[in-house]
Amino acid sequence: MQEITEKREEQERSDESLKALLEAILMASEVPLSLREILSILESEAYGESDIIRALFELEHHYRQAKGGIELVEVASGWRFQVPERFAPWVGKLFEARQQRYSTAFFETIALIAYQQPVTRGDIEAVRGVAVNSNIIKTLEDREWIKVVGRKETPGRPILYGTTEQFLDDFNLKSLKELPPLPELETLFKELAGEEEDLVI
């Protein structure tokens, strides 16, 4: 019985050590880390993939239950610590000087690409009824929210656009299946765009 108790205590210490190690790695990383990347970092340790997965989900649960100032989330490119959305109004003030305001046209364009991909500029223009500003496409590419995913097999073979993993990360999504209903996304876009329609990017 004592041997079983000692083994259990040893396992608990090992689990806590792993969680502390994961916290340190993820806190220090500037980008989300995938399971493969975490396994690579911990390759010299005796932890298995199932141990790491279990520890990640336990940490995610712990931070969600704690309702503190940080949370652990899984996005498209991996795991990361971030500030909960409820603190965004205050934390956002730290970055006001760097924030860029976007127009409704900008967000309508990325919404169409996200929900209808792969799409061409012509597809977007047909829905919106106006030409797509080249600066919008360039800005979306610069932000790494969209990429060229091929060419449409029609005359002229126009470029097809789709969203990227970075787009999913920035919107806190694991996959496109998690996109909110379009009306909710439109509301979010309008809040981000503000009322300054003249700031067309």
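The values are calculated or read from the model by the stated rules, or taken from the named source; none is laboratory data. Keep in mind that what you see is a predicted model, and the values were worked out from it rather than measured. Ideal geometry is used to build each Cβ from the backbone, glycine not excepted, and the neighbour counts take in all protein chains shown. SASA here: full protein model, heavy atoms, side chains in, ligands and nucleic acids out. Shrake-Rupley method; radii C 1.70, N 1.55, O 1.52, S 1.80 Å.
Check the range 100-193 and count each lysine pair with an alpha-carbon distance under 22 angstrom, considering only pairs eight or more places apart or from different chains.
6
Put Asp123, Asp142 in order of accessible area, largest first, 1.4 Å probe: what do you get?
Order by accessible area, largest first: Asp142, Asp123.
Express in nm, to one decimal, how much length is gained between Ser175 and Tyr115 on full extension, taking 0.36 nm for each residue of separation and deducting their alpha carbon distance.
Extra length available between Ser175 and Tyr115 comes to 20.4 nm.
Could you give me D for the range 63-182, from Stokes-Einstein at 25 °C and 0.890 mPa s, where the hydrodynamic radius is the Kirkwood radius over C-alpha pairs? Units µm² s⁻¹, please. Each step should come with its number before you reach the end.
On the way: Rh = 16.2 Å.
So the translational diffusion coefficient is about 151 µm²/s.
What distance in nm lies between label points placed 7 Å from Cα along the C-beta direction at Asn133 and Asp15?
5.4 nm
Using only the Cα atoms of the range 54-125, build the gyration tensor, take square roots of its eigenvalues as a ≥ b ≥ c, and label the shape rounded, prolate or oblate: rounded if a/c is under 1.5, else prolate if a/b is larger than b/c, else oblate.
Since a/c reaches 1.5 but b/c is at least a/b, the shape of the range 54-125 is classed as oblate.
For Asp142 and Ile41, FRET efficiency with R0 = 30 Å and r from the beta-carbon atoms, rounded to 0.05?
0.50
Give me the distance between the Cα centres of the range 136-151 and the range 70-134, rounded to whole Å.
12 Å
Need one number: nm distance between label points at Ile53 and Leu94, each 7 Å from Cα along Cα→Cβ, rounded to one decimal.
3.3 nm
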